[in-house]
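Just so you know, all these numbers are worked out from the coordinates, no wet-lab data involved. As the structure is a computational prediction, the values presented were derived from the model and not from experiment. Note that we place each Cβ from the backbone using ideal geometry, even for glycine, and neighbour counts take in every protein chain shown.
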Amino acid sequence: MAMLEVKGLSISFGGLRAVDGFDLTIEEGMLYGLIGPNGAGKTTVFNLLTGVYKPDEGIVRLDGKDITGKSIVEINKGGIARTFQNIRLFKELSVLDNVKAGLHNHNTYSTIEGIFRLPKYYRVEKEMNSRAMEILKVFDLDAEADILASNLPYGKQRKLEIARAIATEPKLLLLDEPAAGMNPNETGELMDTIRFVREKFGMTILLIEHDMKLVSGICEELTVLNFGQVLTQGKTEEVLNNPAVITAYLGE
Amino acid sequence: MKMNILKTMNKTTKSNTITYLLVAVVYLVVQLLVTTGNISSLMKGLLVPLCVYVIAAISLNLVVGISGELSLGHAGFMCVGAYASAFFSVLVGDALPEMLRFILAILIGAGVAAIFGILIGIPVLKLRGDYLAIVTLAFGEIIKNLMNVMYVGRDADGLHFSVTDTASLNMAPDGEVIIKGALGITGTPKNSTFTIGVILILIALFIILNLIHSRSGRAIMAIRDNRIAAESVGINITKYKLMAFSISAALAGVAGVLYAHNLSTLTVKKFDYNTSILILVFVVLGGIGNIRGSMIAAVILTVLPEVLRGLSDYRMLIYAIVLIAMMLFNWAPSAINWRAKIKAKIKNRNMKEAE
Amino acid sequence: MSFISYLINGISLGSVYAIIALGYTMVYGIAKMLNFAHGDVIMIGAYTVLTLLTGAGMNPYLAVLIGMGTCTVLGIVIEKVAYKPLRNASSSLAVLITAIGVSYLLQNTALLIFGADTKSFINIITCPSVSLAQGELTITGTTIVTIITCLVIMCGLMLFVNKTKPGRAMKAVSEDRGAAQLMGVNVNATISLTFAIGSGLAAVAGVLLCSAYPSLTPYTGAMPGIKAFVAAVFGGIGSIPGAMIGGILLGIIEILGKAYISSQVADAIVFAVLIIVLLVKPTGLFGKNIQEKV
């Protein structure tokens, strides 16, 4: 069964069809890329998949379950986590606490247990700390665990966002331009990390990216979006050599 | 020895310990001054109100600083707590031992205020920013207005309610009016003491500080920092916003209980938006999200007008100027830069001297 | 017939709220701050005019003009000294609290200069009353002047904002301060101008308010200030017609509430209506709904 199955997904904003009849199937464990020119509707697709927007039409199935029109929280609990194009960290929390916030629904104790510092509080906090540190290590952020998220350099903020998303233990991870603003060196490291994340955590990954080196380097399949519609989909190499795709990017 | 213990603790535990110790030390010093008779009767009269304002300030900081929502109706929750508890205390009278009655009064004040917090929070928390602020202000004023026209009496048949006047309560001649509209509640037992006030401050601190450094507190702050990101990691916005709002309301209710049992007459006059704003001033001046800071600001700004009493007519004027000056000094970016420069200069000089 | 007379009284009171709310809403739109001291500028305006009338026996029109001038200068000075340094502060609450400090300052300055006792204001409006429906319905001159003044001010402001260069600069600054600055708009001057206009209008509101309800104390401005703030939010803060309609609706609700339900809970009714409106339309009647971009 496919991990993600999208059929006929559409949404309009004031008469403009931002996403129009979008279909997508991603098999479990795949590294999938969503590309297209600026304004093609890529981030809108992410917002539809994660419940930020409710689709006008269409069906979204995650691992066989219908999640169409569910709330952001329900969809996250159902198994989709994401990062944001414009980084959205919990700025006034420490790096460690950002990841621990991601563990919110996995290592739990009640508010009462928290306020009165009952034994479960200490036990679960300890579990959370070691789990969060483990994830931070993957992203080479463990040394910065105690500093405020807003004090991290840009590239590390992007990594922290991915770490926080992984902490929610998703089946499907959505990355919105993970390499934006990174230098070629950092992008290279990021590619290794993304591959590593897929192996270690067994996740299916869907990413939006403009950096063609990253896309062709790690994505197995691609969908090209143009003016809200699917231009073409298929194996990365075939898609990137498709003349229609080149026209869409460079113009006539 | 103590310094060594402080050094080995982690940063938050250390900061919390300092906060508790600060309260304890101030308490001991004040007690010493009281027993040796070195404190004016005026100041002595201020001790319980000080505790009231401190609890109100730290509880408001939970909403404004930790949850990140501007509330201008905090006095409304104090009002609810004060009225519910005073009503209970007068109603029960001597049927219960004094201490038990007061503890129950505190719990009732907190509970009723928390219920109001939830009832008001559900609609209010749908709004954002300044709109939320104006609606909290509106709720505060509504509570004040309704309390002002409420009449409750008791006779052999039970309780009687009215919103017009005493006569329409239709009571038996031997009945007793407990809440008398604008005249409020009279004859509340004066159970509040400085010691109880300080104990309640410590309890409030315990609840707030432990909440902040727990899973729920993290969720509340995550929502404050980025609402959509918090939802995207599965944090239920309504639940945690409501939690912060209602715990804050409950503690404001406790402040109200303390206030009501400090004076024998309780009216709504004290609970208008000016009081809400005054408490907000404590929070912002002491540092948004800084619990210890709001305690200190509450104490300074409550004592300041009394210290300035010698200046009679000018005291509130000076108070206003001091407030503006402190805000500019604490918050203006240019003032912050200037302070940083001075600090660096002093540091440099010290280093040169050390060489 | 009494209903119509209440309605007219409501529109009259609402017109005063509307004029104050215009000041609130313009300042909010452009400086993005709630100027809690705005209500107290009204009070200063009323005291100034009263002093000129009784102390110097001045011509009423001249007195009102000087009152407006005083408040205009006051508004500009307050902005420069107390608010401008905090424009880029890390929390928007800082300037709110400072505004509260300014409010205390104005109240206590008035207390020192004019004393705590209630001064009775002299009604300077000489327009005759109008009698309608065989004398069953009387509209006082004050009411007529108040409503007309309010309409004139609103139309004037709309024209100013939409048709003049400084007015369009105000619009630009309220949309996007940074972009306006890059386009060569003098942001500091525009903000000063906004405070000047808002405060000048506050003086007019002060005179009209005290002509209808002639008791003046240092705290006279506080409650109308809050009500006008509510009116501005009611109509959608930042919107000029919104402030106008919000103010008038608020006045009507208040007067009708006082007349038909209870004078003690009239304010509670006003606030309850506000809450209901905001729950149905979270940005007020004419407010723009700005969605966060994800």
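Brief remarks follow.
- The alpha-carbon atoms of region A:195-252 define a convex hull whose volume equals 89 cubic angstrom per residue.
- Helices meeting the span-like rule in chain C (full DSSP H runs, Cα extent of at least 18 Å along the helix axis, mean Kyte-Doolittle score of 1.6 or higher): C:60-78, C:93-114, C:141-163, C:187-212, C:266-280.
- Rounded to the nearest 10 degrees, the inclination of helix B:291-307 to the longest alpha-carbon principal axis of chain B is 70 degrees.
- Entry note, chain C: the mean residue ellipticity at 222 nm calculated from DSSP H runs of n ≥ 4, each adding -39500 (n - 2.57), is -24000 deg cm²/dmol after division by the residues and rounding to the nearest 500.
- Neighbourhood charge, 9 Å Cβ-Cβ cut-off, centred on residue B:221 and excluding it, Lys, Arg +1 and Asp, Glu -1: -1
- In chain B, the longest principal axis of the Cα atoms and the axis of helix B:333-354 are about 50 degrees apart.
- According to the Cα-based calculation, Rg over Rh for region B:101-178 is 1.12, with Rh computed by the Kirkwood formula.
- Size of the protein assembly as shown: Rg and Dmax of its alpha carbons, in Å, are 30.8, 97.
- All lysines inside 26 Å of residue B:352 as judged from Cα atoms, apart from same-chain residues fewer than 8 positions distant: B:341, B:343
- Within region B:40-272, all pairs of alpha-carbon atoms sorted by distance into 10 Å bins from zero give the percentages 8, 31, 32, 19, 8, 1, 0.
- Cα gyration tensor shape of region B:262-355, rounded if a/c is under 1.5, else prolate or oblate by comparing a/b with b/c: prolate
- Note on B:338, B:331: ascending count of other Cβ atoms within 10 Å places them as B:338, B:331, the fewest first.
- With helices as the sole contributors, chain A gives -12000 deg cm²/dmol at 222 nm; each DSSP H run of n ≥ 4 counts as -39500 (n - 2.57), and the sum is divided by every residue.
- Sorted from longest to shortest, the spans of the Cα atoms of region B:1-99 along the three principal axes equal 52, 44, 29 Å.
- Per residue, the convex hull spanned by the Cα atoms of region A:97-216 amounts to 107 cubic angstrom.
- Cβ-based exposure ranking for B:130, A:192, C:40, in which fewest neighbours within 10 Å come first: A:192, B:130, C:40
- Above-threshold pairs, the threshold being 21 Å between Cα atoms, out of A:91/B:345; A:171/A:213; A:70/B:239; B:144/B:180; B:241/C:84: A:91/B:345; A:171/A:213; B:241/C:84
- Cα Rg, Dmax (largest Cα-Cα span) when computed across region C:21-104, Å: 14.6, 49
- Mean silhouette area of chain C, derived from the convex hull of its C-alpha atoms and averaged over all directions, reads 16.8 nm².
- Local net charge near residue C:275, Cβ-Cβ under 12 Å (Lys/Arg +1, Asp/Glu -1): +1
- Subtracting the Cα-Cα distance of residue B:15 and residue B:128 from their residue separation scaled by 0.36 nm leaves 37.5 nm.
- Estimated at 0.36 nm per residue, the fully extended path between residue B:202 and residue B:290 surpasses their Cα-Cα distance by 30.1 nm.
- Average Cα contact separation per residue, region C:55-200, under 8 Å, 6 or more apart, as relative contact order %: 33
- Summing charges over neighbours of residue C:225, with a neighbour being any other residue whose Cβ is under 15 Å away from its Cβ, gives -4 when K and R count +1 and D and E count -1.
- Across all directions, the average flat footprint of the convex hull enclosing the Cα atoms of chain A is 14.5 nm².
- Percent RCO, i.e. relative contact order, over chain C, from Cα pairs under 8 Å lying at least 6 residues apart: 37
- Checked against a 32 Å cut-off, the cross-linked pairs A:200/A:235; A:100/C:32; B:11/B:269; A:156/A:200 give Cα-Cα distances beyond that limit for A:100/C:32; B:11/B:269.
- Here is the size of region C:115-199 from its Cα atoms: Rg then Dmax, 20.2, 62 Å.
- Anisotropy class of region B:259-311 from Cα gyration tensor, a/c 1.5 cut: oblate
- In chain B, helices alone account for a calculated mean residue ellipticity at 222 nm of -23500 deg cm²/dmol, with every DSSP H run of four or more residues adding -39,500 (n - 2.57).
- Axis angle, to the nearest 10 degrees, between helix B:41-61 and the longest C-alpha principal axis of chain B: 80 degrees.
- Residues A:106, B:74, arranged from fewest to most other Cβ atoms within 10 angstrom of their Cβ, appear as A:106, B:74.
- Global form of region B:293-334, assessed from the alpha-carbon gyration tensor, a/c cut-off 1.5: oblate
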